[in-house]
Amino acid sequence: MNALAATNRNFKLAARLLGLDSKLEKSLIIPFREIKVECTIPKDDGTLASFVGFRVQHDNARGPMKGGIRYHPEVDPDEVNALAQLMTWKTAVANIPYGGAKGGIGCDPGELSVSELERLTRVFTQKIHDLIGIHTDVPAPDMGTGPQTMAWILDEYSKFHGYSPAVVTGKPIDLGGSLGRDAATGQGVLFATEALLNEHGKTISAQRFVIQGFGNVGAWAAQLISEQGGKIVAISDVTGAIKNSKGIDIPSLLKHAKEHKGVKGFHGGDPIDPKSILVEDCDILIPAALGGVINRENANDIKAKFIIEAANHPTDPEADEILSKKGVVILPDIYANSGGVTVSYFEWVQNIQGFMWDEKKVNSELKNYMTKGFKDVKEMCKTHDCDLRMGAFTLGVNRVARATVLRGWEA
């Protein structure tokens, strides 16, 4: 099941549990606006190249729309729609005053020079500058983009609207980016895991972890969990996978991964087949890479008691059913990986106030939001007698539905 089908399915189940009427249900799922633009740039060799840029703005009942911009050769409109919708529910679960959006450009960033990427970003911004804005739609980095991309968008947007640091988040610190933003999703995963384990009378330090993915989220999660005394027994990334039942030395692995562009060849563990990473023996499994990795083929073989979804949509609905029958507790992506967007919100707040926080304040505020978020999700689980995924979805959908009705927007 693709991301859009799974998101729609979860939304419909949540709407049914909440008893929403069909008109309201329909108005909540239809995107507010879909934008598609042609971006033509001169390449370094003087030839012209055209790319398609787009932005799906899903919902703005609770505030300006928020979501990433990705540069990827296969930008699938269905997936972007699903991710925009997911951002609507995710910001509502986190209880930050945003709606959802997502966008990007169909290009291969690896094939373009830095100056070509800059020209492409600026042309895209020129085409959409009057459709985004501090109180309208606030982009952020995603696959294939980063702080430098945000700096170019900020600069191009500011030519039309005056200096506006709050128009994008995930910026370089020198242009109003927030301290703690780089670690935010991984830090949120740590706080979410602590909240869940606390509920079960456990702590991080006594648990064995397996992490799939060693990019920004996986690497930060690994570092922070090991600092709290958690034992990480296996890790994989695109280059390979390693295992050490005594616990992997994370600082050494981070150094190795930086020097060798991945975990492959690290001597502090035995190499294993990356395909087997999800079924390794552990207490807590953290998928922090791609979507759809836990499916009916491998769900029966998973040995973890808890799954923390640091990636977007890593578990198929079929696997969900198999795992819940086995008694595995899944902390859903819509809550577990919301640390990134929460600290993006803090960045936006700091820019609007013109007053920057220190890292300690960023992390303590993030902990408050993640802890409160878990309590709110558990409350919905009790009310509707459902699992954590449906608890999170009903929480998010209910908040958006209430805002929609209060604003007099229901059909």
Listed by first then second residue, the pairs whose first member lies in the stretch 195-206 and is free of Cβ contacts under 8 Å to residues at least 40 places away in the same chain, whose partner is of a type outside the set (A, V, I, L, M, F, W, C) and in a helix (DSSP H, G or I), with beta carbons under 8 Å and at least 6 positions apart or on separate chains, are THR203/GLU194; ILE204/THR193; ILE204/GLU194
Entirely in the stretch 224-314, the strands (runs of 3 or more DSSP E) that have 2 or more residues that are farther than 30 Å from LEU4 by Cβ: 231-237, 240-243, 270-272
State the number of residues belonging to the stretch 215-224 that are within 15 Å of the chain's Cα centre (by Cα) and either touching a residue at least 40 places away in the same chain (Cβ under 8 Å) or closer than 14 Å to PHE374 by Cβ (or both). 4
Of all the residues that make up the stretch 171-193, how many are touching a residue at least 40 places away in the same chain (Cβ under 8 Å) and within 30 Å of GLY229 (Cβ to Cβ)? 14
In the stretch 11-37, what count of residues is obtained for those that are of a type in the set (Asp, Glu) and loosely packed, with under 15 Cβ neighbours inside 10 Å? 1
Any residue at all in the stretch 341-359 that is of a type in the set (Gly, Ala, Ser), over 23 Å from TRP89 (Cβ atoms) and modelled with pLDDT under 95? no
Filtered residues of the stretch 241-257 (kept if farther than 13 Å from PHE209 by Cβ, in contact with a helix residue (DSSP H, G or I) (Cβ under 9 Å, 6 or more places away or on another chain) and open to solvent by 10 Å² or more (accessible area, probe 1.4 Å)): ASP249, PRO251, LEU254, ALA257
Screening ASN398, ASN368 for residues that are within 30 Å of LEU154 (Cβ to Cβ), surrounded by fewer than 23 Cβ atoms within 10 Å (Cβ to Cβ) and among the polar types (S, T, N, Q) leaves only ASN368
Top-ranked residue in the stretch 146-197 [being of a type in the set (D, E, K, R) and not in a loop (DSSP other than H, G, I, E, B); ranked as nearest to VAL93 (Cα to Cα)]: GLU194
Among the residues of the stretch 378-392, are any within 30 Å of GLU321 (Cα to Cα), buried (at least 17 other Cβ atoms within 10 Å of the Cβ) and free of Cβ contacts under 8 Å to residues at least 12 places away in the same chain? yes
When you scan the stretch 326-339, do you find a residue that is under 19 Å from ALA195 (Cβ atoms), in a helix (DSSP H, G or I) and of a type in the set (A, V, I, L, M, F, W, C), even just one? yes
Out of all the residues in the stretch 106-121, which are in a helix (DSSP H, G or I), surrounded by fewer than 24 Cβ atoms within 10 Å (Cβ to Cβ) and over 22 Å from the mean Cα position of the chain (by Cα)? GLY110, GLU111, VAL114, SER115, GLU116, LEU117, GLU118, ARG119
Counting only residues that are closer than 24 Å to TYR157 by Cα and open to solvent by 30 Å² or more (accessible area, probe 1.4 Å), how many does the stretch 85-105 have? 1
Counting just the residues of the stretch 179-205 that are touching a Leu at 6+ places or on another chain (Cβ under 9 Å) and aliphatic (A, V, I, L, M), which one comes out nearest to LEU290 (Cα to Cα)? VAL189
Within the stretch 129-140, the count of residues that are under 15 Å from TYR345 (Cβ atoms), open to solvent by 40 Å² or more (accessible area, probe 1.4 Å) and either under 20 Å from the mean Cα position of the chain (by Cα) or not aliphatic (A, V, I, L, M) (or both) comes to 1
On the given criteria, is GLN126 closer than 23 Å to ALA219 by Cβ and open to solvent by 10 Å² or more (accessible area, probe 1.4 Å)? no
Determine which member of the set ILE352, ILE322, ILE334, ILE330 is of a type in the set (Val, Ile, Thr) and exposed (fewer than 15 other Cβ atoms within 10 Å of the Cβ). ILE352
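The values are calculated or read from the model by the stated rules, or taken from the named source; none is laboratory data. Please read all numbers here as calculations on a predicted model, not as lab measurements. Please note: Cβ atoms are built from the backbone with ideal geometry, for glycine as well, and neighbour counts cover all protein chains shown. Please note that ligands, DNA and RNA were not included when accessible areas were found on the heavy atoms of the full protein model with its side chains. Shrake-Rupley method; radii C 1.70, N 1.55, O 1.52, S 1.80 Å.
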